Each structure stands twice: as C-alpha cells, then as structure tokens.
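The structure under discussion appears below in the form of structure tokens.
Coordinate-derived values only; no laboratory data. Values in this document were obtained by computation on a predicted structure and should not be read as measured data. Cβ: placed from backbone, ideal geometry, glycine included. Neighbour counts: every protein chain shown.
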Amino acid sequence: MSDYFHYQDSQLYVEQMPLADIAARFGTPCYVYSRAALTDGYRQFSNALQGREHLICYAVKANSNLAILNVFARLGAGFDIVSGGELQRVLAAGGDARKVVFSGVGKSVAEMRLALDAGILCFNVESAAELERLNEVAGNMGKVAPVSLRVNPDVDAKTHPYISTGLKQSKFGVAYDEAIALYCRARDLPHLHITGVDCHIGSQLTETGPFVAATEKILALVNRLADEGIRLEHIDLGGGLGIRYHDETPPAIADYVAALLGALCGRSEKLILEPGRVLAGNAGVLLTRVEYLKHGEEKNFAIVDAAMNDLMRPALYEAFHEIFPVEQEPSPQSSPPSGGGGKRKRQSLIYEIVGPVCETGDFIGHARNLAIAPQSLLAVLSAGAYGMSMSSNYNTRPRVAEVMVDGGAAHLVRERETVSQLYAGEKMIL
C-alpha cells in the first residue's frame, strides 16, 4: 500500500481524509487520487536527474484528468501525448506545448496540423509513411516540423505481451536496421527538422536490464548517425517503469534513473523520459461498495457497484489489484463478547469480487479473503493509471466521479456522468 493510503483507527485514509467520508459525500464507485503522491513521484524523478539537462514528459494516456495534468504542469513537467485530444487536454490544463512530444502510430492530418499550430517540441515519428505525410502537412502550412524517429530496438521488455512494444513484431516504431536510412530521408525533406531519437519498449517493467539494453542499442545508433553528419539534440528513452500491484519488486525511481545515466556514459544530449504509470498508478484507488453477497457451493461472490467498464485492467490483462476494506474488522481483543452489545465481527471468507456488467469476464479480483457485508466499502488499490482513462459506458453505465485529495480537503475533479448525457447526441429516425 502507498504511503499516502494508510489505516488510522481501523479506517482507511487517503492523506488526512477518511475514504468513508469521500464515499458518503461523492458516492460510489469513484476514483480517488492523492495530490501528495503525484507530487512526490515527480519530484523523485527531478531529484534523481538534478544536474543533468532533462525533461520529464508525463504520459497522458495513463490518466488524463485535467487536475492531474495541472499538478504536473505546475511542477514543470512536459507531456507525452498520443492523440490530438490529449494535446487539447494538456493545453486546457495549463501545459506548455513547447514541452510536448507526440507519439503514436496513426497521427491524422488534422492532429498534425493541431500540433504544428500549437508549436510542440517534437513529433515521435513511427513509420516512413508518417514521415512523408508530416513533411507534406508542414509544407502546406508553411512550417517546419521537429521530428525524432521512434526506433524499435528489438529488446524483450519481459512484460505482458499486450504492453510490450519493443519487439520486431510490434506495430510501434521503425525497425532498428531501417533507422539510418529513414534519418537520411528525413534530413533531405525540406519541411522537417531532426531533433532527436525516441525509444519505448513497453510498460510495467520491473527490472532495469531491458532499459539498459535498449539504451545501449540507441546510443550505438546515435553514434552511427553522427558519422552520417546527423547530430541530435535529445535522446528520449521513453517510460515503462513498473509499480507494485501485488508482489512485484520494481526498482526505485532513483535506481532506475541511475541505471539509465550509467548507460548514457555522460553524453551531453538532453535526456527525455516519459513516465506514466509509475507517477499515477499508486496515487489512486477505485472506491466501491458491496451490493450483494452471493454464496455458492464452489464460490462466494461479492457483487460490487464497480465493474469492468470502470476498471478494465483485470478483464483485459488478468491484472491483479489489491483490494482492502475501507473499515478494518476489530481485533479479537476488542470484539464484544458473545451475546453482548457492540459491533458483531464479520466472518472472513474467500470471495470473487465481481461487478454488475453482463459478462463473465466482469471481475475486479479473484479469491480474496475478506470479512465484509452488504454495503461494505472496498478500496481497489493501484488504480490511478489506466483505470479511468480506459473506462467506458458499456451497459449504459455512466462513468464515475473522480476526486483529488489534498491534505485534509477533497475536491471533485470530474463529475459523475448521467445517463441522459450518454444519449444526448443520439437521434431517432422518423
């Protein structure tokens, strides 16, 4: 459990605020974030990079709430985006377009124009076809587009195949062996300016080895580019550092950065990193309430008001999230005697934690040992990244509220949707 989520007098708190109070005020399900946790993660990166020219670009796809983006913008962060919509969010949240890198394999003409008008730092180009299109779009606008190539180093990230992006068979990036020729082509295109190189091998990595291996291959490429007369302003080593969901032991941020700096061997180019999950993941929880307990011969089910549309990761990746009661059971010493007054101790049982969506795959957690009752509150931990950002309206379920806690104050940073909002843009034919 994160330092910013802790038990106090048998109640689970976020910073100085009881989660039960947040549920009473804002309802469930809802996402709850700790501003202090977000700030601490960013500062761990900036402290580790002190004395080295760098830019920390928060990966917006991890969680794109405006309040979260604003926290990072005020700390001086840049942003890694993968769509025009994410760029508009960054600008609305007070982010600096000159600190934005634009990744993604399918940038449209409209998105390119939007980014060029905004004056972003760099396009991370992921194919030869994109390189040609960007040159044409920039020329039509009378602009020069700053570019780097996202190079695929063919390094095994040793993570879930859905979030491993650095192998030869991946749709992401340009092949390592083709990078020199593409850089030479970019140099010849009149409306492009080469600024750097980019590499991102995957997400939820828990070892430094793959990062170091990728860095070494990228540096070899940088040296070959210099031989061709192409000198880079920055080296972007992406993101992907994992967090602890259950029993993982990822390196500390300082150790991860130290490994990268060691591999860079004192190079002078600006270093860009794109952390996402490691900044937001353990800064948030999904708060949910037990609706029913259903006991069967083989399994017991705790049916909660959160579902796979609210937190897709378990259904999509079979991902594990710790689940804790918001109110702990009293210890045996403090339990009332049999037949006495006071609160009755609940029986601890093994439950499947499932939601109300009409899918067998709608689960939040398997085989969890919990002492709960109908209306018990549960906190699904490590839900700050790829929780709300991947949520949907499946089964016509409005997306949930989002709350940010700052010390002893809770702020509603996204209102709960209503059903009427979901179909407001739909039309019936006569």
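Which angle between 0 and 90 degrees, to the nearest 10, do you get for helix 209-227 versus the longest principal axis of the chain when only C-alpha atoms count?
It works out to around 20 degrees.
Order of Glu130, Glu248, Glu136 from fewest to most other C-beta atoms within 10 Å?
Ranked by crowding around the Cβ, least crowded first: Glu248, Glu136, Glu130.
Run the numbers on the chain and let me know its relative contact order in percent, using alpha-carbon pairs under 8 Å that are six or more apart.
Relative contact order comes out at 20 percent.
In what order do His6, His191 fall by count of nearby beta-carbon atoms within 10 Å, going from fewest to most?
Least crowded to most crowded, the residues run His6, His191.
Would you mind calculating the relative contact order of region 30-132 from Cα pairs under 8 angstrom and at least 6 residues apart, reporting the percent as a whole number?
22
Note down the magnitude of the dipole of region 104-273 about its Cα centre, charges +1 on Lys and Arg C-beta and -1 on Asp and Glu C-beta and zero elsewhere, to the nearest 20 debye.
About 240 debye.
Taking the Cα centre of the chain as origin and charging only Cβ (+1 Lys, Arg; -1 Asp, Glu), how large is the dipole, in debye to the nearest 20?
580
In a shell of Cβ-Cβ distance under 15 Å around Ala254, excluding Ala254 itself, what net charge do Lys and Arg (+1) and Asp and Glu (-1) give?
0
Go ahead and set up a Gaussian network model of the chain, Cα springs under 10 Å, then flag whichever of Met141, Met390, Met308 fluctuates most.
Its mean-square fluctuation being the largest, the pick is Met141.
What share of the DSSP beta bridges in the chain is antiparallel, in percent to the nearest 5?
Of the beta bridges lying entirely in the chain, close to 50 percent run antiparallel.
Would you list His246, His234, His200 from fewest to most Cβ contacts within 10 Å?
Ascending number of Cβ neighbours within 10 Å: His246, His234, His200.
Per-residue ellipticity at 222 nm for the chain, helices alone: DSSP H runs ≥ 4 residues times -39500 (n - 2.57), over residue total, nearest 500 deg cm²/dmol?
Rounded to the nearest 500, the figure is -8000 deg cm²/dmol.
Compute the Cα gyration tensor for region 211-259, then decide on rounded, prolate or oblate, letting a ≥ b ≥ c be the square roots of its eigenvalues: rounded whenever a/c is under 1.5, prolate when a/b is larger than b/c in the other cases, and oblate in all that remain.
Note, shape of region 211-259 comes out prolate.
Over the chain, what portion of Cα pair distances is larger than 38 Å, expressed as a whole percent?
28
For Lys294, list the aspartates and glutamates whose Cα falls under 12 Å from its own Cα; do not include residues on the same chain fewer than 8 positions away.
Cross-link targets: Glu352.
Given all pairs of different Cα atoms, what value in angstroms does the Kirkwood hydrodynamic radius of region 104-273 take?
Here the Kirkwood hydrodynamic radius works out to 16.6 Å.
Can you pull the percent of Cα pairs in region 173-324 with separation above 28 Å?
Roughly 42 percent, once rounded to a whole number.
Mark the label point 7 Å from the Cα of Arg416 along Cα→Cβ and return the residues of region 378-394 whose backbone N is within less than 15 Å of it.
Under cut-off, by backbone N: 378.
Express as a percent, rounded to the nearest 5, the fraction of DSSP beta bridges in region 104-273 (both residues included) that run antiparallel.
Once the DSSP bridges in region 104-273 are tallied, antiparallel ones form about 5 percent.
Say the cut-off is 21 Å between C-alpha atoms; which of Lys61/Lys99; Lys107/Lys217; Lys99/Lys143; Lys107/Lys427; Lys217/Lys270; Lys143/Lys270 go over it?
As for pairs spanning more than 21 Å Cα to Cα, those are Lys107/Lys217; Lys107/Lys427; Lys143/Lys270.
Only Cα pairs under 8 Å and at least 6 apart count here; give the relative contact order of region 104-273 as a rounded whole percent.
With pairs under 8 Å counted, the relative contact order is 20 percent.
For Thr360 and Ala409, compute 0.36 nm times the residue count separating them, minus their Cα-Cα distance, and round to one decimal in nm.
13.8 nm
Count charges around Val403 for me, please; just the other residues with Cβ under 9 Å from its Cβ, Lys/Arg as +1, Asp/Glu as -1.
+1
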